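Please treat every number below as a calculation from the coordinates, not as lab data. Because the structure is predicted, anything quoted here is derived from the model rather than measured. FYI the Cβ positions are ideal-geometry reconstructions off the backbone, even for glycines, and counts take in every protein chain you see.
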Amino acid sequence: MTEIVVEVKSLVKQYGSLRAVDDVSFELHDVEVFAFLGPNGAGKTTTVEILECLRSLTGGSAKVFGYDVTKREDVKEIKKRIGVLPQEFSALDKLSVKENIDLIGGMYKKKLDTREVIKLLDLEDKTKERFENLSGGLKQRVGVAAALVNDPQLVFLDEPTTGLDPKARREVWSVIYNLKRLGKTVFLTTHYMEEAQILADRIAIINKGKIAAIGSPQDLISRHGGRKILVVRKGSKELAKTLQDKYGSTMFDHGGDVVVKVDDVKEMWQLLGTLTDMKMDKEIEIQAPTIEDVFLKIVGARITEEGELK
Amino acid sequence: MIRPLVIFLAVTKSWIRSRSGLFFSIMFPVLLLLVFGAIFGGGVGGGASTLFVQNLDRNPNGTATQLSSAFVDALNSTKTFAIKDVPADVDSKVWTKNNLGPLGGNIRIVMISEGFQDDVLNGTLKVRVGISYSLLNTTYQYFAPYLNESEKMVYEQGLAQMRQYNETLSDRRTSLTLAFDASDQSAAVIKNIVINVANAFNYHLIGATNVIEFKEESVTSNRYGAVDYYLPGIIAAFIMTNGIIALTANTTEFKRRGIIKRLSITPLTKFDWIIGNVLSQTLLSLMLTAIMILVGWIVFRVQAIPDALTIAVIFLGSVMFSGLGMVLGGLVKDVEAASALGNAIAFPMMFLSGTYFPMDFMPSYLQSIAKVLPLTYFSDGLRYALIYKYTEGVLSNMAVVSALAVAFIILGSVVTRWKEK
């Protein structure tokens, strides 16, 4: 069993009548990417900021590296050991990339050489560029560099790709992917399904302050994603009827495609065998459910690009 | 002490590279010094003020009488006025309004009434005859016991004739009229100059000399100009606004952009953060002082030479106001509120603390308010240190400033939020 880096038990955060975090429990293990996936206002940032010792908790307990976030002396130890990219990261506009990283680095006794961090984030040719002149994607990379400057074991990335264009988003993804290779434990919050599915070892789906499901992407998909789908392009009504009689859950859609929902791998092979016996020569496509299907099933809604439920 | 230094370096660099910051913190005060120096540097109005004179005392041939033109010459000799004649046959107020010139200006008219010369001569004669009579009379009374009756009669007849003659001289005084606009700020000064000229004229005519001579002397050993008075005031006022307005706005902007939040996740403490910012502001204040004194010296030849005590005063004052800035920055959330609050505190303080106007001119309730304003102590302390070299005055004022500096920094670390709700 790997070491437990973060341990949260029955965490509650109450703002007046609003329960922003409602009895949340989870663990983070050493060297994994853990994603909090949920819409805006689900309690992602609140939970993360409690772990970063930025907010107090109302109930339950939260420990980082075994240190209690509510104890003054423990907080000092936690702050030394974590790296953070806050939501909507910003730095001093008039300072260069290096100066901004040096500023954060200057807060730690034990830290990496700034040049090393700059190299890690592939920012070498931007070292002297002022922060105000950087693109959104580069700014986020500076933020990640600042988060790594104290060589933390645990890195919090709060909505690291929100507001970025697809290209910049992919750049940040590759940075996050590298963090795991460097042996870091990453706590990622996001409202992008694809981001969670691609990057995370484990995902916690969070909505209205509660964790609705938790597990690896594959695990969540197989538990909640529903059935795989086999599509026969440009099929016929007869084919649809034959497959419906034999396997059920078949439909003939407007585009002339025959769509069959398949329960499991065994049934998929049987179906493929049937199609082979029929000497079928049409295009076929197998569609696996995604985290989006899981989310839709569990929460009953999708998340828009802006992070709202719809 | 490493972390405050890192903060100090970062915010100072950030400030030096910001053009608007540089303008408002350094260039603006320098401009203001130049403007103030130009306005107040050279006596009343710097150059000559226009004074309209309408002389109604004319000879039958239309020329001005001898005495009235002598009075106008006396006004002219003060070198304070550029005298402009108003024709005798017009309404002087209407005429001056139409003849102010394209740029306008203040209307100040001295009107010399008709009969000025006659009245002055008559009055002068009456005074002189009166004096002679009283002198002769006193002498007569003293020597009367030694005179025979016929001698007494001759003297008494003579004295009676003299008294009779004096009674025939009229009591009428001649009058001068000075007309000016109620809103004219310099009218009081001009009135005094005109009255002084008239008095000197009076004395001269009756043959009197001044018994009391008035001398002006400065309490300081060197000769200081108006700019020397304003310089410490402007420096103090801008150290205050840099602390209260600029630092408050900066801190709020850092808060809004999440920079304070990012820093608070690191081992940096609130106290380190405040000290770093205060140090940066203090460096800025010292730079401001150096530049202001340099410009003051180059342009106005100010005499103020900063010594170690002055630097200590600047340091403490700057710590106090940047401490206050950190308190305000900790209290307000958005930049607009910060700027409004900073201005609301800074501007009344600037005008109530004797920075630009000596407090003696203010009503007593305003003077009481001034006594509780931190800037009063700072600008007084700075003036004592920089100009009067009055160490005791510096120390007593700086005791208050130091106490407030400590209080503001402590209060700043209480109100600065290092943790979200």
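Structure above, values below:
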{"item": "Nearby lysines by direct alpha-carbon distance to A:K9 (threshold 24 angstrom, same-chain neighbours under 8 apart not counted)", "result": "A:K44, A:K63, A:K71, A:K76, A:K79, A:K80, A:K184, A:K208, A:K210, B:K419, B:K421"}
{"item": "Two-decimal Rg to Rh for the protein assembly as shown - Kirkwood Rh, Cα set", "result": "1.31"}
{"item": "Electrostatic dipole magnitude of the protein assembly as shown [Cβ: Lys, Arg +1; Asp, Glu -1; Cα centre; debye, to 20]", "result": "1640 debye"}
{"item": "Contact order normalised by residue count of region B:41-185, Cα under 8 Å, 6+ apart, percent", "result": "30 percent"}
{"item": "Placed amide H near A:V31: partners under 5 Å, 5+ positions off or other chain", "result": "A:T185"}
{"item": "In degrees, nearest ten, helix A:136-148 long axis to first principal axis of chain A (Cα)", "result": "60 degrees"}
{"item": "Evaluated at q = 0.11, 0.12, 0.19, 0.25 Å⁻¹: base-10 log I(q)/I(0), Debye formula over Cα of region B:328-421", "result": "-0.42, -0.50, -1.00, -1.24"}
{"item": "Cβ-based charge dipole, region A:4-223, positive-most Cα from A:S10, A:F89, A:L138", "result": "A:S10"}
{"item": "Max mean-square fluctuation residue, GNM over chain A, Cα-Cα springs under 10 Å, options A:Y15, A:Y192, A:Y108", "result": "A:Y15"}
{"item": "Charged-residue dipole, Cβ positions (Lys, Arg, Asp, Glu), region A:4-223 about Cα centre, Debye nearest 20", "result": "300 debye"}
{"item": "All-pairs alpha carbon distance profile, region B:120-168, 5 Å steps from 0, percent", "result": "4, 21, 27, 21, 13, 9, 4, 2, 0"}
{"item": "Nonlocal amide H pairs with A:T58, under 5 Å, H built at 1.01 Å", "result": "A:V12, A:K13, A:Q14"}
{"item": "Residue-averaged beta-carbon neighbours from other chains (10 angstrom radius) around A:100-108", "result": "6"}
{"item": "Long-range Cα-Cα pairs in region A:4-223 (distance over 24 Å), rounded percent", "result": "41 percent"}
{"item": "Radius 14 Å from Cβ of B:M359, net charge of other residues (Lys, Arg +1; Asp, Glu -1)", "result": "0"}
{"item": "Relative contact order of chain B, defined on C-alpha pairs under 8 angstrom at six or more residues apart (%)", "result": "20 percent"}
{"item": "Neighbourhood net charge (15 Å Cβ-Cβ; Lys/Arg +1, Asp/Glu -1) for B:V394", "result": "-1"}
{"item": "Using a Förster distance of 45 Å, the FRET efficiency for A:D201-A:R72 (Cβ separation, nearest 0.05)", "result": "0.85"}
{"item": "Efficiency of FRET between A:E238 and A:I286 - r from beta-carbon atoms, R0 25 angstrom, step 0.05", "result": "0.70"}
{"item": "Nearest 10 degrees, 0 to 90: helix A:166-181 Cα axis against chain A principal axis", "result": "70 degrees"}
{"item": "Contact order normalised by residue count of region A:4-223, Cα under 8 Å, 6+ apart, percent", "result": "29 percent"}
{"item": "Cα-Cα P(r), region B:269-374, percent of pairs per 10 Å interval", "result": "13, 31, 38, 17, 2"}
{"item": "Antiparallel bridges, percent of DSSP beta bridges restricted to the protein assembly as shown (to nearest 5)", "result": "60 percent"}
{"item": "Residues B:S170, A:S17, B:S379, B:S68 arranged by fewest to most Cβ contacts within 10 Å", "result": "A:S17, B:S170, B:S68, B:S379"}
{"item": "Cross-link partners of A:K228 among lysines (Cα-Cα below 18 Å; sequence separation of 8 or more within a chain)", "result": "A:K246, A:K261, A:K266, A:K297"}
{"item": "B:R19/B:A198 FRET efficiency (R0 60 Å; Cβ-Cβ; nearest 0.05)", "result": "0.60"}
{"item": "Listed residues B:G207, B:G317, B:G37, most fluctuating in chain B (Gaussian network, C-alpha, under 10 Å)", "result": "B:G207"}
{"item": "Sorted by Cβ neighbour density within 10 Å, fewest at the top, the residues A:Y177, B:Y155", "result": "A:Y177, B:Y155"}
{"item": "Two-decimal Rg/Rh across chain B, once Rg and the Kirkwood Rh are taken from alpha-carbon atoms", "result": "1.22"}
{"item": "Separation between Cα centres of region A:126-194 and region A:16-51, rounded to whole Å", "result": "19 Å"}
{"item": "Cα-projected label distance for B:R417 with B:A38, points at 7 Å along beta-carbon direction, nm", "result": "4.6 nm"}
{"item": "Span-rule helices in chain B, defined as complete DSSP H runs reaching 20 Å or more along the axis (Cα) with Kyte mean at least 1.0", "result": "B:2-16, B:226-241, B:270-300, B:308-331, B:335-352, B:391-415"}
{"item": "Integer Hz, Karplus 6.51/-1.76/1.60 couplings in order for region B:54-63, x for Gly and Pro", "result": "10, 9, 8, 8, 10, 6, x, 7, x, 7"}
{"item": "Phi-based couplings in Hz for region A:98-110 (Karplus 6.51, -1.76, 1.60; Gly and Pro marked x)", "result": "5, 4, 5, 5, 4, 4, 5, x, x, 7, 10, 6, 9"}
{"item": "Beta bridges per DSSP with both ends in chain A, % antiparallel, nearest 5", "result": "65 percent"}
{"item": "Ranked list, fewest to most other Cβ atoms within 10 Å of each Cβ, for A:H191, B:H204, A:H224", "result": "B:H204, A:H224, A:H191"}
